[in-house]
Amino acid sequence: MENKSFYIRNMLQHYDRQLINGRRIARYRNDLYGSEIKDDVKLKQEKRRQLVERVAKEIIENILMAGDENSIVKEVRETLEKEVGLRLTFKFPPLGYDIEVLQETPEGNTPLNFDAKHNLLDRLWRITLEKVNATML
C-alpha cells in the first residue's frame, strides 16, 4: 500500500508542476502576443494593408518594367499622366542602378530632374495604393 501512495503522490506533484508551467507559459504568451490576440480587427487591417502594398509594388513593377498589359496598370498610368500633364516613359539604363523617368516633349524625350522624379514616383506610389485599396475586397 505504501508504494502505491508514493507513486500517486509523485504523479500528482508532477502534474502540479505541469499545471504551473502551463500557466506560466500562458502568461508569457499573453504578455508577448496579448495585444495582437485581443485586437483582432487591427491585425486584420494590418494584414490587408500589407497585402495592398504587395499588390501595389507588383503593379508599379509592371508600370516600370513591362508596360501597360493590365487594366489596373493602365488606369494608374493614365491617372498619373493626367495629374502631371505629360506623357511619361520609364526606363532602366543598362549600366545604371536607378530608374530614368523621361517626359515626352516636341523636341524628344528629356529626363526629369532628381526632385521631380522622386515627387513623381511618390505620387505614382500613392495613386497605386489608392487604386488597389479601392478594388480590393
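The values are calculated or read from the model by the stated rules, or taken from the named source; none is laboratory data. All of these numbers come straight from a predicted model, not from anything done at the bench. Note: ideal-geometry Cβ built from the backbone for every residue, glycine included; neighbour counts use all protein chains shown. What goes into the accessible areas is simple: the full protein's heavy atoms, side chains included, and nothing from ligands, DNA or RNA. Shrake-Rupley method; radii C 1.70, N 1.55, O 1.52, S 1.80 Å.
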ask   = Taking region 50-105 as the region of interest, how many residues are open to solvent by less than 40 Å² (accessible area, probe 1.4 Å), of a type in the set (A, V, I, L, M, F, W, C) and within 17 Å of residue 130 (Cβ to Cβ)?
value = 9
request  = For region 5-62, enumerate the residues that are within 30 Å of residue 76 (Cα to Cα), in contact with a Leu (Cβ under 7 Å, 6 or more places away or on another chain) and modelled with pLDDT under 85.
outcome  = 60
